[in-house]
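Scroll down for the structure; my scribbles are underneath it.
The values are calculated or read from the model by the stated rules, or taken from the named source; none is laboratory data. Every value quoted in this text rests on a predicted model; they were computed, and no experiment measured them. Every residue, glycine among them, receives a Cβ derived from its backbone with ideal geometry; neighbour counts consider all protein chains shown. Surface accessibility is based on the protein's heavy atoms, side chains included, excluding ligands, DNA and RNA. Shrake-Rupley method; radii C 1.70, N 1.55, O 1.52, S 1.80 Å.
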Amino acid sequence: MSTSVQPCDTASSALRHDAHDPLVSARHAFFRGTHASRSAPPTSTQRASDLERLLDAEYAPRLRLGEAGAREPSTADLTLARLRRLCRLAAPLSPEALLAHDRQGPLLDSVLAEMWTDTVRSYGRPRAEAVLRRLLTRTDTDHLRTTFLLDCAESTGLRPLSADEATALPLVGSRAARHALWRYLHSLPDGPAHLPGTGQPNDPYERLLLEAPAARAEGARRPSGLVVAQTMLQGDLDAPGRGASGGMAVLLDGLGDRLARNEHIDHVVTVVTVGRAALAHDSRLVHERRPGHWIVRLPVDAQAPPSPDHWPEHRAALSWWATRLLAALPRRVDVLHVRYADDAALALAQAARRTGARLVFTATPDPHRTIAQKYAGAEPLGAERAGQLRGDLHRVFCADRLVQRADEVIGIAGPCGAGDLVRHFPLLEDRYGVTGPAAPPEGITPYVTAQDEEARRRKALEDLFAGGNRPDALSPDDRKLPLLLCVGRLHPVKQQALLVRTWLTTELWRSTTLVLVGGSPTDPSEHELRTQATIRALLDGHGAAATRLAMIPALPNAEIRRLEHALADTDTDTDTDTDTGTGVGPAAAWYVCPSVKEEFGIAILEAMEAGLPAAGPRRGGVAHYLRDGDNGILLDTSSPSALARGLHRIKNLPEARRQDMARAARDTATTRYALSDMADALAATYAATAARRAEYGA
């Protein structure tokens, strides 16, 4: 029985339906002046939630503080809220006022850095330079403050200190301040002569920073069409499914190749980040991946690129590297496309402005649409959850700044279309109307078979059913059971542990097998280790169930898709191979994605293309192409009980109906979601954006 998707509201009616969402109400009141929709202030017997009080501090015309029994927001939170409000209103502080703020952490530094360019523009370079000089030469300026001041100077091309004066600053023992000094010296005409020799540092990051190479791609032709840069600042382009690398790595790898063949584009640059460990093995900063598709690697002063929560600490350096490397290419980048709302994207946006590139931003209502639910209730938040809320509100700010800066904003199509963005980004209605910006179609690369495809598929199935005593394989005896396949990086938002817990508690392990693919086999991240430990703990005391769960480390995308095709093509054939004694495949196979949400879900579409019926999260963009009861099943992944209902629905579906869904899934993926269509649509957007002057943003 089909479960219909809820009808979508237009942006003009969003407030009426989202009155329960304090973030939506506060933002529309702030940006659109829709004060009538705001909830009434709490009475003397009510207590505002921590979320509502922080939103009042950031969005309300005046703060509503002092309710009976309520805590005031911290001074740091109030300062952040006030500064973010001023930044959104384009009300720059004077250099003295901006730089007078005591350092209260990376989030405050990020907001101040975001305001600094407008401050310099509004109050003049001489005044800003004089204030920087006065503060840098004070004897009580500590290393952290010196680092920020030097980065402010470098980011706007100011020269408050000569090279001699800068090298005389007392920075011994502070790695961050030392690096900020070196970046600043690179900007002075005689500055490089004051840098230490490149043989002095004992790590690859500092050697590269001192060399500051002119990263020219040898042999690159000078293109006559557009030069387009796309960014993947989290994860490894070559290792999808490991660490922070997911479907975006697969998408951008194929998309870069396809864009390079478009008639409007001569050159595609995929910008990635790389930590010290990887730099020690490969110090190249620019190289050609395939004809017309180049890679620019931005060094990060960490063993591996950090999680998004730590990008504020690396923002200045990331912007410096991006500006330097993009400017050193044979021809400047015409359009730069960023996709995530964080400080890394803001750093690239700043580099785009400094190098003259137009900026395209893919906006999604994340984390906007989950904030109200995550932090509902009037009870005070603990320190950990309060920190999470602070980070989520900062990401909302980052997204606003990218929307304001971008020459073009695009959306990801969801069940409500891109118009859903207007509900969470009221400013977009001024630019694109109530329906929101365009949402070019997403796509997947076509699957390419090998010459010995049949043998490889059989080998993939033989490896999968190699023995239930192995953690990465299933027993041949269980090949006639229905199989649930889940592919993706091991991360709390992907909820593999919730899937295993539900599979166990509902006793579906007695009638199905479960295969999880993802995670590094050699160098697991913190999230991977935690997820693996949680799953192992769940399996304690379930020895029989453990034999029906296979946890396979991340595989190359071609191997995953080959396995999916093998499962889809043989899932009704359970005869035993007389030569090997192994079954060729399970009785029936499903692809299951238990994520909290998926903005698009590349892995889901790839499974559908192979011919597997898919079950994916109702929240996010999956419902745009996965029609419940037609070509798959939409899951409520918000709780174990809700997920259990979805899994039982999968298990109890008649086989004929499952096969109908599989055929419909393959048809959807192959006819509507070709990567070539996505590339052509984006190329047209890039060409139009490059051809006109920016009308919005800084």
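Here is how the numbers come out for the structure above:
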item	result
With every protein chain in place, the chain: carbon and sulfur % of accessible area (1.4 Å)	51 percent
Listed residue (Ser319, Pro126, Leu389) projecting farthest to the positive dipole end of the chain, Cβ model	Pro126
Accessible area expressed per residue, the chain, with surrounding protein chains retained (probe 1.4 Å, Å²)	41 Å²
FRET efficiency estimate (nearest 0.05) - Cβ-Cβ, Asp102 to Ala688, R0 30 angstrom	0.10
For a label point 7 Å along the Cα-to-beta-carbon line of Val493, residues of segment 430-466 with backbone N under 19 Å	442-443
Kirkwood Rh and Cα Rg combined as Rg/Rh, segment 379-481	1.27
Relative contact order of segment 585-698, pairs being alpha-carbon contacts under 8 Å that are 6 or more residues apart, as %	25 percent
Where N is the number of residues in segment 139-195, Cα Rg divided by 2.2 N^0.38 Å	0.99
Which of Leu675, Ile650, Ala664, positive extreme of dipole for segment 623-684 (C-beta unit charges)	Ile650
The chain: antiparallel DSSP beta bridges as a percent of all, rounded to 5	10 percent
Helix 22-32 axis, angle to the chain major axis (alpha carbon atoms, nearest 10°)	50 degrees
Simple Cβ-charge dipole of the chain, Lys/Arg +1 and Asp/Glu -1, about Cα centre, in debye nearest 20	1600 debye
Percent breakdown of C-alpha pair distances by 10 Å bin, ordered from the shortest bin, for segment 627-686	20, 33, 26, 16, 5
Listed residues Ser122, Ser511 arranged by accessible area, highest first, probe 1.4 Å	Ser122, Ser511
Heavy-atom accessible area order for Lys651, Lys459, largest first, 1.4 Å probe	Lys459, Lys651
Angle between the chain longest axis and helix 640-651 axis [Cα atoms, degrees, rounded to 10]	40 degrees
Viscosity 0.692 mPa s, temperature 37 °C, Stokes-Einstein D of the chain from Kirkwood C-alpha radius, µm²/s	121 µm²/s
Rg to Rh quotient for segment 285-337, alpha carbon positions, Kirkwood Rh	1.00
Dmax and Rg, reported as Rg then Dmax, of segment 358-439 (C-alpha, Å)	14.2, 45
Where only alpha carbons of segment 320-410 are counted, the Rg and the Dmax (Å)	16.4, 57
By accessible area with a 1.4 Å probe, ligands and nucleic acids excluded, highest first: order of Glu526, Glu114, Glu454	Glu454, Glu526, Glu114
Area projected by the alpha carbon convex hull of segment 254-365, averaged over all directions, nm²	7.4 nm²
Over 27 Å [Cα-Cα, segment 439-569], rounded percent	22 percent
Segment Asp430-Ala558, extension gain: residue separation times 0.36 nm, minus the distance between their alpha carbons	41.7 nm
Quotient of C-alpha Rg and 2.2 N^0.38 Å, computed over segment 85-133	1.08
Cβ-placed point charges (K, R +1; D, E -1), dipole of segment 238-394 about Cα centre in debye, nearest 20	400 debye
Percentage relative contact order, the chain, counting C-alpha pairs under 8 Å, at least six apart	12 percent
Dipole-positive endmost among Thr231, Thr505, Gly488 within the chain (Cβ charges, Cα centre)	Thr231
Pairwise centroid distance, computed over Cα atoms, of segment 617-654 with segment 496-554, Å	20 Å
Reciprocal of mean inverse Cα separation for segment 604-645 (Kirkwood radius, Å)	10.5 Å
